[in-house]
Every structure is written in structure tokens, then in C-alpha cells.
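To keep things clear, I will list the structure first and then write my remarks on it.
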């Protein structure tokens, strides 16, 4: 049975991944008609990516959630050109997608110091506007946090994702003997001997129906979108959320996780994926692992275990299947090596594709130049004296 205490609810309430803000650019300054003076432009509102910032800090520091830039200075005899109003900068965490009220994407903050112009200041009064200034732009925006990581851990509750993250990285996630240990995304880094770092995101456990937003499914599934690769983590003994839900074997767990990702966003099926089979230190684990591998090699032979709406249109093709024990450390080094190999292969493929694209663009530009040269080769040039 799943234990859900008051402390769980309080802790979950401290995690925020969406925030709605009101922003307004500053008004322009008045012009000076008698001397043709121009008022200063109003300040702009920007969002800037900063480390060690989270959305809850923004909400706590600015409870009104209003951000207004300074007005431009009026034109005057001592300064015919009015000064620009002060810009307003909102510090936000890396990994933010900024959208407007209609859901249209304004921009993304993918690395520290990335900036997005949110609301422009109004123009100062000048001759064209009869020396009257314009108001600043008003905009209601949403800051939507989607983690950026190399690897995203995917699994049902109690699969051992938190224990695994603590083994492969320096992260210290909460670990307990009940299902929903992870209630907010945790980030860790794997450090390799050559100083290469791989970031890993432990996402809260999915449940069946997550794509329908059951168990806050959308809140956590969206973080998977911003990871380069997926690492499925399953319990070799199977999984049962509570006495009221069906028991699922390790094989069923893999299929149902795949289906949840497919139903949420089919593009997720294109991500390179690996499978870590956890708790291999338990009795009969090796026999169960052999059975799981056979089932994954021929999944259609076991379709009778599922309802029609539970079978994914396409099964995940795992690049590596690694038996591990987060408890004893068995297979952890092999898993880290497989993750590194898989990421390096993906990086090399992306570089090759980029090089091919650049080469194709170069060839096309050369062909275009060649066509133009041949077209005008016989054109007579008349000289004027």
C-alpha cells in the first residue's frame, strides 16, 4: 500500500515548474515641442538565465508577480534627448521555456546568461508623434521549467531510481521503502576519469495513465522531453502500486512505460534508450532476467498479457540491457560505461549529420554559382567612355 503523509504533501508543494508573471515595459518620456527635444525610450523587461535560481524563489521574492521597467526621462532644456528608462531583468533558472497567454513560445533559456526580451518599452515623444510618448508593452507570460540533462531516468515508483542515482553520481536523493520517494526531479552528475561529466535526471515515478495526467503525469513527463537519452529502470521482481492495482512483471513494466511515453508524445520514442534491470541481488533474479530478455526479443509472442490499448505501436529498441543492483553496486560500472558509449555515439552521429548538411549546402551554393557563371558567360559588356 502506498503511504502518503502530510510531509510528502508539504515537500511536493515546495517544488514548482510553472509560474505566471505580469510584465510591462516602461512608458516613453515626453518630448519638448518648442526645441524639438525627444523623450527617452521606456525600459525593457528581460528574462535572464542564472544558476542557483528556482521558480519558487522568484514567487517568494516577488509575491505580486509583477515586473515593470522604468519610464523614459522627459526631454528638457538641459537634456533635449531624454535618458532611456531602466530595464527590468528577471533572473530565472536554466531550462525555462517562456510562453505567452496563448501558449506560443517566446523563447528558451538553455544555458546561463541566455536572455529573452519579454516586453518592450514605449518610444519617447518626438516630432513624428507630436512629441507624445507611447506606452510600454504589456505581456502575461508563463515560465515553464523543463530540465536539461543528458540522461533521464524513467520508471514506475520503487524501481530504485533514487538509489541508482546515488550510486552513479554525487547526488543525495531521498531513499525510502515506500513507492513515491522522488516527488520532484533530482539532478546528479557522473564523473569519468577523463573529466567528462554526464548529467542524470531522476524523475518522479510514472504510473499507468500518466499520459492522462494521472499522478501529475504531465508535470513530470514534460521533463523527459529535454533529455538526450532515456534510461529505463525496472524492478526485476515486478511492480504493484497498491493492493487495488494489478501486479506487473518486469516485462509488462517495460511495455507499459513505453506505452505511456508514446501516448504522451510520440517523438519520445525516437530518443536513444537503455534498460537497467535493478535488484539483481534478490533470489531467482538471474532466471527472471533470462526470461525478461527472451520476452523483449519477441514481444509479440506475449501480447496476450495486455489489453489492446496497452500495446505500444512501436517497441523501444534498447541499445544496452544491463543487469544491476543499486543496493550492492553490481553492474554499476558497466552501466556507467554503457551510458558514456551511447552518448558518445549519439554525439558523433550528430557531428556527422552536421558535416553532411554543411557539405550539401556548400555543393548547392557551388552549383548555383556555376549556373550563374554559365548563364552570364556570353553576355556582352558595353563600355561607356
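Filtered by the rule that a residue be under 9 Å from the mean Cα position of the chain (by Cα) and part of a loop (DSSP other than H, G, I, E, B), the range 134-149 gives 146, 147, 148.
When the residues of the range 237-248 are filtered to those that are touching a residue at least 12 places away in the same chain (Cβ under 8 Å) and not in a strand (DSSP E or B), the one that is surrounded by the most Cβ atoms within 10 Å (Cβ to Cβ) is 241. Being closer than 25 Å to residue 165 by Cβ and surrounded by fewer than 17 Cβ atoms within 10 Å (Cβ to Cβ) narrows it down to one of 313, 329, so name that one. Just one listed residue meets the conditions, 329. Inspection of the range 55-70 finds a residue satisfying the criterion of being assigned to a loop (DSSP other than H, G, I, E, B) and buried (at least 19 other Cβ atoms within 10 Å of the Cβ).
None of 277, 254 is surrounded by 12 or more Cβ atoms within 10 Å (Cβ to Cβ), in a helix (DSSP H, G or I), touching a strand residue (DSSP E or B) at 6+ places or on another chain (Cβ under 7 Å) and in the same structural domain as residue 157 (by TED's automatic domain parsing) except 254.
Residue-by-condition table, conditions (1) assigned to a loop (DSSP other than H, G, I, E, B); (2) modelled with pLDDT under 95:
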site	(1), (2)
3	yes, yes
7	no, yes
11	no, yes
19	no, yes
23	no, no
27	yes, no
30	yes, no
42	yes, no
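Checked against (1) within 24 Å of residue 149 (Cβ to Cβ); (2) assigned to a helix (DSSP H, G or I); (3) touching a residue at least 60 places away in the same chain (Cβ under 8 Å), residue 259 meets all criteria but (3). So which residues in the range 124-133 are out of contact with any strand residue (DSSP E or B) (no Cβ under 9 Å at 6 or more places or on another chain) and part of a loop (DSSP other than H, G, I, E, B)? Within the range 124-133, 130, 132, 133 meet the criteria.
Scanning the range 325-348 for residues that are without any contact (Cβ under 8 Å) to a residue 12 or more places away in the chain and at positive phi yields nothing. Taken as a whole, the structure places residue 123 among residues that are crowded, with 20+ Cβ neighbours inside 10 Å, more than 30 Å from residue 150 (Cβ to Cβ), touching a residue at least 60 places away in the same chain (Cβ under 8 Å) and touching a helix residue (DSSP H, G or I) at 6+ places or on another chain (Cβ under 9 Å). All of 200, 254 fail the test of being within 20 Å of the chain's Cα centre (by Cα) and modelled with pLDDT of 75 or more, apart from 200.
Residues in the range 96-105: is at least one surrounded by 21 or more Cβ atoms within 10 Å (Cβ to Cβ) and more than 28 Å from residue 202 (Cβ to Cβ)? Within the range 96-105 (the criterion being surrounded by 21 or more Cβ atoms within 10 Å (Cβ to Cβ) and more than 28 Å from residue 202 (Cβ to Cβ)), the answer is no, since none of the residues qualifies.
Among residues that are touching a strand residue (DSSP E or B) at 6+ places or on another chain (Cβ under 7 Å), under 25 Å from residue 269 (Cβ atoms) and modelled with pLDDT of 60 or more, residue 231 is included. Look at residue 109 and say whether it is outside the structural domain of residue 29 (by TED's automatic domain parsing), buried (at least 20 other Cβ atoms within 10 Å of the Cβ) and at pLDDT below 95. So residue 109 fails the test.
When restricted to residues that are at pLDDT below 90, over 19 Å from residue 291 (Cβ atoms) and not in a loop (DSSP other than H, G, I, E, B), the range 305-330 contains 3.
When only residues in the range 218-228 that are touching a residue at least 40 places away in the same chain (Cβ under 8 Å) and out of contact with any strand residue (DSSP E or B) (no Cβ under 8 Å at 6 or more places or on another chain) count, which is farthest from residue 202 (Cα to Cα)? Looking at the filtered set, the residue picked out is 218.
The values are calculated or read from the model by the stated rules, or taken from the named source; none is laboratory data. Everything quoted here is computed from the prediction, not taken from an experiment. Using ideal geometry, Cβ is built from the backbone for each residue, glycine included, and neighbour counts are taken over all protein chains shown.
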